[in-house]
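Throughout, read-outs are computed from the coordinates displayed, never taken from laboratory work. Since we're looking at a predicted model, the values are computed, not measured. Glycine also receives a Cβ, built like all others from the backbone with ideal geometry; neighbour counts cover every protein chain displayed.
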Amino acid sequence: MSIDTKIIDAKIICAGFGGQGVMSMGRLLAYTGMLQGREVSWLPSYGPEMRGGTANCHVIVSEHGIGSPIISRDATAAMVLNLPSLHKFEQDLLPGGLLLINSSLIEERGSRGDVQPVPVPVNEIATELGSAKVANMVMIGAYLELSGLFALTAVEEALQKVFGPAKASLLPLNSAALARGAESARAVLAK
């Protein structure tokens, strides 16, 4: 599989059930972009229930000013953690866009032939690491490996600032999840 890498301007949709860490994914990507000196926006959207309902966010990371935080049919990537999100957001990708699919929960690979579906078993990897809570970090690691938007070390630096000293003990697990996500993406590329 060949994937176009080294994205400079990214329009990313993160989507899944409430409680899967979708908003945290978006905030972390936006914060990392800010620390890297980029223009960023983060726009969250929640379904009627906070936990178990739908949740998504739009993240834009750019070298240029951002006119609108809304992504409408021009996403460069979508990271979908559940089947309803695949059905809803696949249509918003640009041709050639990355469609990262949580293959632990989604058997489908999407219906469009002009996007790049990438199955990533995020729940399985997170469970192997010892905590289902890091599934979102696995997905970010896979996305970063495929897109080249940031180095994993840049996200780890942002995590250090987000967690602070009080939650520093969570850094090794989250770093391992990012690395395993990147490893999973490399395995997909090798096919």
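Each of Leu129, Leu93 was scored by other Cβ atoms within 10 Å of its Cβ. Listed from fewest to most, they are Leu129, Leu93.
In the chain, helices alone account for a calculated mean residue ellipticity at 222 nm of -12000 deg cm²/dmol, with every DSSP H run of four or more residues adding -39,500 (n - 2.57).
Each Lys and Arg contributes +1 and each Asp and Glu -1, all at the Cβ; summed about the Cα centre of the range 10-190, the dipole is approximately 300 debye.
Span-like helix check, the chain: qualifying full DSSP H segments, with Cα axial length of 15 Å or more and mean Kyte-Doolittle of 0.5 or more, are 22-35, 135-147, 152-163, 171-190. Peptide packing: for 139-149, 14-24, 70-80, the average count of neighbouring Cβ atoms within 10 Å per residue gives the ranking 139-149, 14-24, 70-80, highest mean first.
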